[in-house]
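> Please find one structure pasted underneath; my questions will follow.
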Amino acid sequence: MSGPFYLLFPRIWSVRNRANASDGRSAVRGAVMAVLGGVFWAGTFFLFYKALSYFRSTEVIGDLLARRLLEMSFVTFLSVLIFSSVVTSLSTFYLSEEMQLILSSPASRVQVYVYKYVETLTVSTWMVAVFGLPVLLSYGMVYHAGIFYYLSASAVFAAFILIPAPIGMMAAMVLVRTFPAKRAKDILFFLSIALVVMLYFLIRFLQPEKLMDPEGFGEMSKYIASLSGPSTPFLPSRWAVEAIWPVVSGGASDPFWILMLLSTAAAMFVIGGWVFDAVYMSGYSRAQEGGRYRTYGLTPSGKFLDRLAGRVESPLKALLVKDAKTFFRDTAQWSQLFLLGSLVVVYIYNFKVLPLDRFPFATFFLQNFIAFLNLALAGFVLAAVGVRFVYPMVSLEGGALWILRASPLSIKGFLWAKFWSAWVPLVVLAESLVVLSNYFLNTGPFMMALSTVAILFISFGITGLGVGLGAMYPRFKFENAAQVSAGFGGVVYMLVSTGFVAAVVALLAWPVYLYFTSEYSSVPQTMAEKILSVMSLLAAAAVNVAACVVPMKRGLRSLDEAETG
């Protein structure tokens, strides 16, 4: 065995053989995923192209805003890549089933480290690498940059994404070595706290309030200076921007910055190898230790869940209690509640600090307009939460699904039990987002009532889509729940649920517009407008009912066919 890349060959052969053995169904799925990826890629390019075109048309501060947007993008890339690398490293270095075979082989530690480095780098960075390219492409198109810009930007971006992977690998190895084995709760809790801290520093680095509040500066020159000044001088994101920005405007890039990126990537790779030699084997050994035996009989938590289920029918009650217990026993599931809670706090806080009184046009119109947009945002948040928590619920039964089929509970009862156990927390989250944000916006009774009722109906549709599509595209063999959401069915659910929310909001837009136009102009609505508003509301309700019922019926049919087949 020779060469540090020896272990990469089996993985390359595996990928090649899988591609050669793919059938027509796999080819269709691949084509659909490619088309969907292309749509998102084009959408990202379109948004950045429009924003940059608007910035460039703005005198004095247009280029400064464009540069700050580029800095924001790279800081976001860096944060996402580091966290993704930590999570991926836990799977590739410690939870992968192939590690037992690799570590028992004659492969050297250098070969193992290089192989796992390449695997972690590929898995954790491919999405940012693909969807980061339209950002760079939009800058070149708006600023009419030459071919040298595209070559330079590609080289800088490639050097930039090499840095976070070894940082995440080292963090994962230190975590597993520090914490006792099988205490994944402590590890993931630490990761959750780290992400919250990372989000806090990310928000502070971006300083978005300065873009919204130029009046807070004593002079316009101070405002411009705050935009032009570097916000993250010691991070690789700053070096990448310094290497790219001069080329955008037709100048020459300073090679110092790309050398900083390359040398840092090389240094992190070497230091990561040292850490691997020092702590990996002891950490892997601890990760194989068994956990302590615990009983889950009539514990206080079990009694609480049993009482919470109330007077529900016995088989259904048992399933609800089982789902709740399983959720809180699985650290990979309940630990994400910390992340969800932090995102909810940031979401609501953003509405609290909006400077609505400083805008030159009517506050009444602006408050209700933002409240209506908030309805759409809350729906998209529910869709994102649903793809992680609701869609995998059927698949999480795994190989134990046959036990449920042999139980007194029917498949229909099983699906609707999943529906209600997912809908209750989802509607609590939805109503909290809408009510609290509207409260801070100081919206009127009409918008508060409409948003509350609309998000209630949307929560039914989101839950029905998640459980129904999860039954139509189940994945019972997986290493963790995240793999279920990342599959073909998860992508379909995310797209359908996003389209569903957009359709409901579009149907509600017309009656909301007519109502506020009438209120603002003090002109009563005509009978035709009232009839049109009622028809739009009924159509929105029909879409919600269809989104809830149709996927549930098709999911039930899919499970029935799988059972009889």
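Read the figures in this text as sums done on the coordinates, not as results from a lab. All of these numbers come straight from a predicted model, not from anything done at the bench. Cβ: placed from backbone, ideal geometry, glycine included. Neighbour counts: every protein chain shown.
> Starting from the 7 Å offset along Cα-to-Cβ, what nm value, one decimal, do you get for the label separation of Glu519 and Val32?
Between Glu519 and Val32, the label points sit 4.2 nm apart.
> Then there's this: Take each of the peptides 467-475, 154-162, average the number of other beta-carbon atoms within 10 Å over its residues, and list them starting from the highest.
467-475, 154-162
> Report the full-extension gain for the segment Lys50 to Val545: residue separation times 0.36 nm, less the Cα-Cα distance, to one decimal in nm.
174.6 nm
> I've got another one for you. Given points 7 Å out from each Cα along the Cα-Cβ axis, report the Ala506 to Glu97 separation in nanometres with one decimal.
Rounded to a tenth, the inter-label distance reads 4.4 nm.
> Over 28 Å between Cα atoms, which of Lys418/Lys530; Lys322/Lys477; Lys50/Lys116; Lys116/Lys322; Lys530/Lys553; Lys116/Lys325 qualify?
Lys418/Lys530; Lys50/Lys116; Lys116/Lys322; Lys530/Lys553; Lys116/Lys325
> Another question, then. Once phi is turned into θ = phi - 60°, what whole-Hz ³J(HN,Hα) does the Karplus curve with 6.51, -1.76 and 1.60 give for every residue of the range 438-443, x standing for Gly and Pro?
5, 5, 5, 7, 6, 7
> Still on this structure: By per-residue mean of other Cβ atoms within 10 Å, what is the highest-first order of 246-258, 452-464?
Ranking, from highest mean packing down: 452-464, 246-258.
> Please list 113-126, 527-540, 266-279 highest first by mean number of surrounding beta-carbon atoms within 10 Å per residue.
Highest-to-lowest ranking by the protection proxy: 113-126, 266-279, 527-540.
> Now for a separate question. Note the full-extension length gain between Phe446 and Phe131 as 0.36 nm times their separation in residues minus their Cα-Cα distance, in nm to one decimal.
109.4 nm is the gain from fully extending Phe446 to Phe131.
> Rounded to whole Å, give me the distance from the Cα center of the range 421-435 to that of the range 149-174.
Cα centroid to Cα centroid, the span is 38 Å.
> Here is a follow-up. How would you classify the range 430-565 from its alpha-carbon gyration tensor, with a ≥ b ≥ c the square roots of the eigenvalues: rounded for a/c under 1.5, else prolate if a/b is greater than b/c, otherwise oblate?
prolate
> Shape verdict for the range 49-108, please, from the Cα gyration tensor: rounded (a/c under 1.5), prolate (a/b greater than b/c) or oblate.
prolate
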